[in-house]
Amino acid sequence: MTLVKALAHLTWTLNQSHARRMGERAPDGAGPDAWRNWARTESARPRRVARPRDVAALAAEVAAATASGTRLRAVGAGHSFSGAAVTDGVHVHLDALDRVERVVPRPDGTTHVTVGAGIRLHALNRELAARGLAMRNLGDIDRQSVAGAISTGTHGTGARLGGLPTQVVGLRVVTAAGDVVEASPDHEPELFELARLGLGTAGVLAAVTLEVVPAFRLLAREEPMPLPAVLEGLDDLVDGHDHFEFFWFPHTASTLTKRNDVAQDEHLPLPRWRRALDDELLSNVAFGAAQEVAARTARWTPHLNRFQGASLPPRTYTAASHDVLVSRRRVRFREAEYAVPRESVRDVVAELASWFRATRAHVPFPLEVRFAAADDVWLSTAHGRETAYVAVQQYHRLPHGRYFEAARRIVAEVGGRPHWGKMHDLTHADLAPLYPRLADANRVRGRVDPTGTFRNPYVDRVLGLPG
Ligand SMILES: Cc1cc2nc3c(=O)[nH]c(=O)nc-3n(C[C@H](O)[C@H](O)[C@H](O)COP(=O)(O)OP(=O)(O)OC[C@H]3O[C@@H](n4cnc5c(N)ncnc54)[C@H](O)[C@@H]3O)c2cc1C
């Protein structure tokens, strides 16, 4: 058995025993349609589960739900930490709508690719690569569906790059009445705005057209750096690289920095054994073991964090963009993430460091800091401002409440906007002042979903009512 296979097998075995310990199957008596999200923070017992094979069946499903006054929610891969995908009505899975429908090269060198909305990002990346194409930017993982990822504003990092919804140029939307509408910046532009990042409130997305670019390789440089040096040189790091991010280990001055730039002539492939060692053994198996140790012995956390900060060896390599940007996250965790004005991120990190010093909070998971360009998507967390994202994460077996509450308090001082797919307790009253186009979004909801088919408790809390 090769090292790669052995590590994959070991990780799979650990995941299985973890799953058994956590009782991850639907609770007894919940029925075959019971649903839980990846993080096990949300669950649902829908009245009915639908798996339409095509857009006509999907439209019939939506029209029937509206006619009977039943709520309906599409669900992707269940990778939102928030209750975005929860419903007690009809849960619609679009796994069958996963084909590449159309590929249209453009005079400007980009390509418009239309795909079924249920396609998972890993399958999409494969399909694009086979055609010599790639997404401009990606988040950390590729398990999500394309519709789910854009609907909550999934983003990666890069000061000159926007989140996934900024790569969308067209959508096929099934509205509450069961009408199938093609929406784009030129046709039904307001529906397009809400549908490209709207928590599923504009309707069910049946297809997504993305603007993609010729496939490219990235030159990746990953290395530890002391936190003060990162903060001091932050603007150069962020502006000087196509994608920059850092992970900071609480209670320490250790960070792991990642700088990724479009590769020119460099050719430094990572040997398979090295990828397996770093990405499976160190980032998942050893990291998971460290979290287990930390979960049992709070006073070791600072030592463990120092060890974790030093355990990932520096590396420089080139690979296809999606192989660099995406990694596997097998260690389960809880997460809250806030978009803050880029210029305030140093203050936010400093405040968090003070909080750790004052509370000695038991947090063995690193924080992740990323960046994005300002955009004009109505409900984007980066709407109208250059943005830094501060993600606070906690191992799933440790309490996260006090930590996440402290983060919420700290970012509130600088107008922090919560990621729509991550954990937070903010309400429409908190969010309305942060989103200048929220009232427009609700006006469009009132037009396309007058009877509230696509409402659920999370949407009611964060967006308020349509109309
Ligand atoms: C391990 C992990 C890593 C992550 N990394 C990142 C990251 O790097 N960057 C980032 O920004 N986020 C990240 N996330 C968050 C994740 O990208 C988002 O929560 C995303 O929405 C999940 O996509 P999904 O397909 O699982 O959608 P779900 O969680 O199933 O659904 C999300 C929303 O989309 C709606 N929806 C789904 N399908 C449709 C459809 N066809 N039509 C209309 N609405 C629909 C749902 O109703 C719901 O409101 C991560 C999450 C996890 C668990």
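Ranking Ile141, Ile150 from most to least accessible surface, computed with a 1.4 Å probe over the protein chains only, gives Ile141, Ile150. Per-residue Karplus couplings for the range 144-158, computed as 6.51 cos²θ - 1.76 cosθ + 1.60 with θ equal to phi - 60°, are listed in order as 6, 7, 5, 5, x, 5, 6, 5, 10, x, 4, 9, x, 9, x Hz, Gly and Pro entered as x.
If a/c stays under 1.5 just call it rounded; otherwise compare a/b with b/c (prolate if a/b is bigger, oblate if not). Do that for the range 217-418, with a ≥ b ≥ c from the square roots of the Cα gyration tensor eigenvalues.
Working: a/c = 1.74, a/b = 1.08, b/c = 1.61.
Oblate, because a/c is 1.5 or more while a/b does not exceed b/c.
Taking a ≥ b ≥ c as the square roots of the eigenvalues of the Cα gyration tensor, an a/c ratio below 1.5 marks the range 110-176 as rounded.
Once backbone amide H atoms are built at 1.01 Å from N, Leu270 has Thr318 as its partners under 5 Å, excluding neighbours fewer than 5 places away on the same chain.
What size of dipole, in debye to the nearest 20, comes out for the chain about its Cα centre when the only charges are +1 on Lys and Arg C-beta atoms and -1 on Asp and Glu C-beta atoms? Let's see the in-between values first.
Working: 58 positive and 53 negative charges, 368 e Å.
Roughly 1760 debye for the chain.
Remark: the range 262-420 carries a charge dipole of roughly 860 debye about the Cα centre, counting +1 on each Lys and Arg Cβ and -1 on each Asp and Glu Cβ. Taking every C-alpha pair closer than 8 Å and separated by at least 6 residues, the mean separation divided by the residue count of the range 213-323 gives a relative contact order of 43 percent. Distance between the C-alpha centres of the range 421-467 and the range 80-123: 22 Å, rounded to the whole angstrom.
Counting alpha carbon pairs within less than 8 Å and at least 6 residues apart, what relative contact order, in whole percent, applies to the chain? It would help to have the intermediate numbers written out before the result.
On the way: 988 pairs, mean separation 80.5, N = 467.
It rounds to 17 percent for the chain.
Across the range 238-250, computed HN-Hα scalar couplings (Karplus, 6.51 cos²θ - 1.76 cosθ + 1.60, θ = phi - 60°) run 6, 7, x, 9, 5, 9, 10, 8, 9, 10, 10, 8, x Hz from first to last residue, x flagging Gly and Pro. For the chain, rounded, prolate or oblate, judged on the Cα gyration tensor with a ≥ b ≥ c (square roots of eigenvalues), a/c < 1.5 rounded, else prolate if a/b > b/c? It is rounded, given that a/c, with a ≥ b ≥ c, falls under 1.5.
Close amide H pairs (under 5 Å, H built 1.01 Å from N) link His383 with Asp375, residues at least 5 positions away or on another chain. The distance linking the range 149-187 with the range 339-418 is 25 Å (Cα centroid to Cα centroid, whole angstrom). Couplings 3J(HN,Hα) of the range 131-142, computed from phi: 9, x, 10, 7, 5, 5, 8, 9, x, 6, 10, 10 Hz, in residue order, whole Hz [Karplus 6.51 cos²θ - 1.76 cosθ + 1.60, θ = phi - 60°; x for Gly and Pro].
Per residue of the chain, what 222 nm ellipticity follows from adding -39500 (n - 2.57) for every DSSP H run with n ≥ 4, rounded to the nearest 500? Estimated from H runs of four or more residues: -9000 deg cm²/dmol.
When +1 charges are put on Lys and Arg Cβ atoms and -1 charges on Asp and Glu Cβ atoms, the dipole computed for the range 100-215 relative to its Cα centre reaches about 460 debye.
Modelled spin-label separation between Ala310 and Arg40, with each label point placed 7 Å from Cα along the Cα-to-Cβ direction: 3.3 nm.
The values are calculated or read from the model by the stated rules, or taken from the named source; none is laboratory data. Computed from a predicted structure; not experimentally measured. Positions of Cβ are backbone-derived with ideal geometry, glycine not excepted, and every protein chain shown enters the neighbour counts. Note: areas computed on protein heavy atoms with side chains; ligands, DNA, RNA excluded. Shrake-Rupley method; radii C 1.70, N 1.55, O 1.52, S 1.80 Å.
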